[in-house]
Amino acid sequence: MAVIDQIILLQDVDNKLFEINKLLGDLPKQVQELTDQEEFTKNSLSEKEENLKTTTVEIHTSETLIATTQEKVDMLKDKLIDGSISNNKEYDAMMETIDYEKNIIFEKENELLVLMQNKETLTKEIDEDKSALDGIIQELNSKKESLNKKVEDVSEEKNALTKERENIVLHVDEDTLHKYMEIYNARDGVACSEILDNNCEGCGAYIPPQIVNEALGKSIVYCGTCSRFLHKSEISEI
Ligand SMILES: [Zn+2]
């Protein structure tokens, strides 16, 4: 096979590789975004569940404290009437202690009210989150699965093309390959151009008959204007 034909094959493989790299570039990002979304939703739920646990413990502690303080108050009240108090001073001191303990109960009951409201809100939110999460996770997983499959397929195709490219390059001398890469990079990935009606398809420049003939003879020739590899098939000539 003539070198120019190898160059045309190389251009074809490079076009495919370009498209694949473009596709691969976006897919892993999409998978990552879905994974992040799933993790965020799970974290938010477990945070609320942890919060609910703490609140439940705090409620229990408050309830216990209120109960024991109430017992204390009841005991002190009993002492007021069981004859263990002998004078007004002792009576006043006892009343003061009872008021102090009652105040603690009042404060704790207010705190308890807030905690109960928090617990109610959290329980409701967790229930809502849980029912939503099942759907979200299912959707995310199915999306991730199909994306991962695509990445796998595309990677397989990419490997095959890379191998094909390596084979083609074996048949092209180093200088020509270097020139190909130079034009490829300078001309946005289009290094080859067909001669159509004595014009370069890539830039429209007129190609002299002698160059057209050389192209027909499978020699390596370049467009004098855009520098691309020129080729012309005899079939299109007829
Ligand atoms: Zn040209």
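Annotations for the structure displayed:
Yes/no per residue for (1) within 51 Å of the chain's Cα centre (by Cα); (2) open to solvent by 60 Å² or more (accessible area, probe 1.4 Å); (3) over 19 Å from residue 12 (Cβ atoms):
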site	(1), (2), (3)
199	yes, no, yes
209	no, yes, yes
215	yes, no, no
219	yes, no, yes
225	yes, yes, yes
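- Residue pairs meeting the criteria (Cβ under 7 Å; at least 6 apart or on separate chains; first more than 14 Å from residue 78 (Cα to Cα), in the stretch 95-107; second part of a helix (DSSP H, G or I) and open to solvent by 70 Å² or more (accessible area, probe 1.4 Å)): 101/72; 105/70
- Considering 164, 234, 201, the condition of being more than 12 Å from residue 4 (Cα to Cα) and within 13 Å of the ligand (Cβ to nearest atom) is satisfied by 201 alone.
- Residues of the stretch 160-181 that are in a helix (DSSP H, G or I) and open to solvent by 100 Å² or more (accessible area, probe 1.4 Å): 163, 166, 170, 174, 175, 178.
- Of all residues in the stretch 21-35, none satisfies being under 30 Å from residue 118 (Cα atoms), free of Cβ contacts under 8 Å to residues at least 40 places away in the same chain and out of contact with any Lys or Arg (no Cβ under 8 Å at 6 or more places or on another chain).
- Against the numbered list (1) part of a loop (DSSP other than H, G, I, E, B); (2) more than 17 Å from residue 8 (Cα to Cα), residue 189 comes up short only at (2).
- Considered as a group, the residues in the stretch 115-143 that are hydrophobic (A, V, I, L, M, F, W, C) and open to solvent by less than 80 Å² (accessible area, probe 1.4 Å) include one that is nearest to residue 77 (Cα to Cα), and that residue is 115.
The values are calculated or read from the model by the stated rules, or taken from the named source; none is laboratory data. Only a predicted model underlies this, so the values are computations on that prediction, with no experimental measurement involved. We place every Cβ from the backbone using ideal geometry, glycine too, and count neighbours over all the protein chains shown. These accessible areas exclude ligands, DNA and RNA; they are computed on the full protein's heavy atoms, side chains included. Shrake-Rupley method; radii C 1.70, N 1.55, O 1.52, S 1.80 Å.
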